[in-house]
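Dumping the structure here so I can ask a few things about it.
The values are calculated or read from the model by the stated rules, or taken from the named source; none is laboratory data. Keep in mind the model is a prediction, meaning the values are calculated, not measured. Note: ideal-geometry Cβ built from the backbone for every residue, glycine included; neighbour counts use all protein chains shown.
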Amino acid sequence: MSIYLDNAATTPLAPEVLDAMVPYLKEHFGNPSSVHAHGRETRSAIEKARKKVAALFNCSPSELFFTSGGTEADNTAILSTIRTYNIKHAITSPIEHHAVLHSLQALQKAGVIQLSFVDLDKKGNVVIETVEKLLAENPGSFVSLMHANNEIGNITDIGLIGALCEEHRAFFHSDTVQTIAHFPIDLGLTPVDFITGSAHKFHGPKGVGFLYIKAGKKINPFIEGGAQERNMRGGTENVAGIVGLAKALEQTYEKAEESKKHIVALKSLLIRLLQEKIPGTTFNGESANLEKSLFSVLNASLPASEDNDMLLFNLDIKGISVSGGSACTSGSLLPSHVLSALGANPQRGHVRFSFSALNTEEEIHKTVETLQSFFS
């Protein structure tokens, strides 16, 4: 049995999404920037997709820009905003995705900005009081705090953060790659200037994503070279990918409640079985708290063992694909930057399980049985 429990990294492409894409890989091949019939046909497909996505987020189509994925979208929001508005101070957390963290650190290293980090509690939650303090001391800052952490699943109240940013005239960007399609986001009600998404996180194709830019927050392009995306992103659009993104998002929304119920049951089962079958198992961050974390992510900390540096490899040999909150470097187990910030014990085995509606109870039982054999 092959078991895939790494859906936070990428999800399988839905068959219906592929069906929607195929015509734009075969028959409808025109360049959307061309004015002839072939070009107008693909241009129409892009704009229909944009309207569909905008309707799901309750925003204007003019506020959505298609990109190559979440990393480009994050980089565009961060680098272009800071450069366009000559911002000198930024606020983030030490557990952001590297698309955010490395971008801000590069600007700090170049002397463009001063970078401040919010405090985290022992579970990895943002201490809101430190956000407020930093904003009061540095009005007009650029703030980047993710909606949900990709490793430990902690959810941040972006509505509250956004309100504080508005009060202190700050620009607010949130990496929402892990929450898009899994968590309802109404951009008509959420005080955020920029959010990002990537299609392959919700059963769409790789290599396509989007950036939301709130009306009135005009920024200069990150990628020059053409007038595509209303002069915001040079380069011929990935037509099939954009069509696939919109179809995947639409389908995920339609099945949201049913999928969530199924996945929550799987996550609850895995929590129970790990605690019963592998004594000493704990969970990182808020990932085992169904009220405070993504329902699709569970980050487990397994008992210390001299074989933990081979844990992911051994699971892979058994046909189980998961992700680690750690990496093996020169034979020693080193926690990721997220788990390091939480003070994780490097001797324990840290495993991120992430689910989709395609997973089954049988797979959960098999995974725990396999892990149990490693610790018996």
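Can you go through Ala77, Ala54 and tell me which one is in contact (Cβ under 8 Å) with a residue 40 or more places away in the chain, assigned to a helix (DSSP H, G or I) and in contact with a Ser or Thr (Cβ under 9 Å, 6 or more places away or on another chain)? Lay out the reasoning, then the answer.
Working: Ala54 fails: in contact (Cβ under 8 Å) with a residue 40 or more places away in the chain.
Only one candidate passes the filter, namely Ala77.
Which residue, of Gly30, Gly39, is surrounded by 14 or more Cβ atoms within 10 Å (Cβ to Cβ), in contact with a His (Cβ under 9 Å, 6 or more places away or on another chain) and either at pLDDT 95 or above or farther than 21 Å from Phe355 by Cα (or both)?
Gly30
Do any strands (runs of 3 or more DSSP E) entirely within segment 85-161 hold 1 or more residues that are at pLDDT 95 or above, surrounded by 22 or more Cβ atoms within 10 Å (Cβ to Cβ) and in contact with a His (Cβ under 8 Å, 6 or more places away or on another chain), and if so, which?
142-144
Just to verify a result, which residue in segment 356-376, among those that are in a loop (DSSP other than H, G, I, E, B) and either touching a residue at least 40 places away in the same chain (Cβ under 8 Å) or not small (Gly, Ala, Ser) (or both), is farthest from Lys201 (Cα to Cα)?
Per the stated criteria, the residue is Thr360.
Moving to a separate point now. Name every residue in segment 309-330 that is modelled with pLDDT of 90 or more, in contact with a strand residue (DSSP E or B) (Cβ under 9 Å, 6 or more places away or on another chain) and more than 19 Å from Leu270 (Cβ to Cβ), in order of residue number.
Met310, Phe313
Of all residues in segment 257-294 being more than 29 Å from Ser376 (Cα to Cα) and in contact (Cβ under 8 Å) with a residue 60 or more places away in the chain, which is surrounded by the fewest Cβ atoms within 10 Å (Cβ to Cβ)?
Taking segment 257-294 as the starting set, the residues that turn out to be more than 29 Å from Ser376 (Cα to Cα) are 257-262, 291-294.
Then drop every residue that is not in contact (Cβ under 8 Å) with a residue 60 or more places away in the chain, which leaves 258-260, 262, 292-294.
On the way: Glu258: 10, Ser259: 19, Lys260: 15, His262: 19, Lys292: 14, Ser293: 24, Leu294: 26.
Among them, the one singled out is Glu258.
Between Leu5, Leu13, which is in contact with a strand residue (DSSP E or B) (Cβ under 6 Å, 6 or more places away or on another chain) and under 20 Å from Lys201 (Cα atoms)?
Every option except Leu5 fails the conditions.
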